[in-house]
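This report concerns only the one structure given below.
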Amino acid sequence: MDLITRISQHFKDSAQTKLDAIELLAGPIAQAIESMVACLLNNGKILACGNGGSAADAQHLAAELVGRFEAERHELAAIALTTDSSIMSAIANDYGFRMVFAKQVRALGQPGDVLVAISTSGNSPSVVEAISAAHENELRVVALTGKGGGAIGEMLREGDVHILVPAERTARIQETHLLTIHCLCDGIDCLLMGVEE
């Protein structure tokens with residue numbers, strides 16, 4: 001297969017994955033937006049975590065909320081738990097990597113806050129532990145997964161939201177997670193400010 005054909009196929013596959021996901025994901029994304037807005041209006045904050053590409057997604061979400069998405073507005077309280085190398089390396093060294101987010105959730109999370117937990121497989125041990133810590137501290141969870149949802153899909157509780165991308169390929173899941181993050185940011189702005197464009 002030549003490169004142009006191969007690249008074209010990536011574009012087609014990505015677009016098709018998103019189109020296939022619309023009916024399945026629109027409802028859960030709307031629920032997540034409502035949960036996150038309720039949290040923010042109650043002076044709560046959004047915590048976000050994930051590994052690898054999902055860590056970048058967590059940081060992207062926090063950046064859009066603290067800075068802005070597409071419209072000017074007041075800053076919104078969001079923290080990516082993936083960014084402090086001293087905290088992460090200390091926890092990983094002393095307790096093992098699976099605890100790098102959970103200990104931060106216990107330290108920073110308050111009842112009513114929302115944890116956005118991102119794992120393409122749904123089985124990331126550090127994200128699973130973060131969700132357990134969130135439940136212990138009475139945070140709501142918005143989970144972004146794929147590949148059937150894995151362990152994370154089985155541990156979510158009433159009041160949590162599962163945004164499960166109907167795909168098996170990591171790249172397609174991550175691409176749909178990014179679109180989901182943009183939908184979350186747009187929906188939050190829409191509900192908070194009445195943005196319609």
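The values are calculated or read from the model by the stated rules, or taken from the named source; none is laboratory data. Fair warning: this is a prediction, and the values are worked out from it, not measured in the lab. Positions of Cβ are generated from backbone atoms using ideal geometry, with glycine treated the same way; all protein chains shown enter the neighbour counts. We work out accessible area using only protein heavy atoms, side chains counted, and drop any ligands, DNA or RNA first. Shrake-Rupley method; radii C 1.70, N 1.55, O 1.52, S 1.80 Å.
One residue stands out among those in segment 9-23 that are touching a helix residue (DSSP H, G or I) at 6+ places or on another chain (Cβ under 9 Å) and not polar (S, T, N, Q): the one that is least open to solvent (accessible area, probe 1.4 Å), which is Ala21. Residues in segment 162-197 that are β-branched (Val, Ile, Thr) and either open to solvent by 10 Å² or more (accessible area, probe 1.4 Å) or over 22 Å from Ser124 (Cα atoms) (or both): Thr170, Ile188, Val195.
For every residue, the table says whether it meets (1) at positive phi; (2) open to solvent by less than 10 Å² (accessible area, probe 1.4 Å).
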site	(1), (2)
Ile87	no, no
Ala90	no, no
Arg106	no, no
Leu115	no, yes
Ser119	no, yes
Gly122	yes, yes
Val127	no, yes
Val141	no, yes
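Is it true that Ala55 is within 12 Å of the chain's Cα centre (by Cα), small (Gly, Ala, Ser), modelled with pLDDT of 95 or more and not in a loop (DSSP other than H, G, I, E, B)? For Ala55, the condition - within 12 Å of the chain's Cα centre (by Cα), small (Gly, Ala, Ser), modelled with pLDDT of 95 or more and not in a loop (DSSP other than H, G, I, E, B) - is met. Take the conditions (1) under 20 Å from Ser14 (Cβ atoms); (2) open to solvent by 20 Å² or more (accessible area, probe 1.4 Å); (3) in contact with an Asp or Glu (Cβ under 7 Å, 6 or more places away or on another chain); Pro111 misses just one of them, which is (1). On the stretch given as segment 164-197, residues that are outside any helix (DSSP H, G or I) and more than 14 Å from the chain's Cα centre (by Cα) total 8. Reported count of residues in segment 105-133, each being more than 14 Å from the chain's Cα centre (by Cα) and among the hydrophobic types (A, V, I, L, M, F, W, C), is 4.
One line per residue, one yes/no per condition, for (1) of a type in the set (Val, Ile, Thr); (2) modelled with pLDDT of 95 or more; (3) touching a Ser or Thr at 6+ places or on another chain (Cβ under 7 Å):
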| site | (1), (2), (3) |
| --- | --- |
| Ala90 | no, yes, no |
| Asp94 | no, yes, no |
| Arg98 | no, yes, yes |
| Val105 | yes, yes, no |
| Pro111 | no, yes, no |
| Ala117 | no, yes, no |
| Pro125 | no, yes, no |
| Glu129 | no, yes, no |
| Ala134 | no, yes, no |
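Restricting attention to segment 61-74, and to residues there that are within 22 Å of Ala107 (Cα to Cα) and surrounded by fewer than 23 Cβ atoms within 10 Å (Cβ to Cβ), which single residue is nearest to the chain's Cα centre (by Cα)? Full working, then the answer.
The initial filter retains those residues of segment 61-74 that are within 22 Å of Ala107 (Cα to Cα), namely 61-63, 65-66.
Narrowing the set further to residues that are surrounded by fewer than 23 Cβ atoms within 10 Å (Cβ to Cβ) leaves 63, 66.
Details: Ala63: 13, Val66: 15 Å.
That would be Ala63.
Rundown of residues vs (1) in contact with a strand residue (DSSP E or B) (Cβ under 7 Å, 6 or more places away or on another chain); (2) among the charged types (D, E, K, R), yes/no style:
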| site | (1), (2) |
| --- | --- |
| Glu72 | no, yes |
| Thr82 | yes, no |
| Phe97 | no, no |
| Ser124 | no, no |
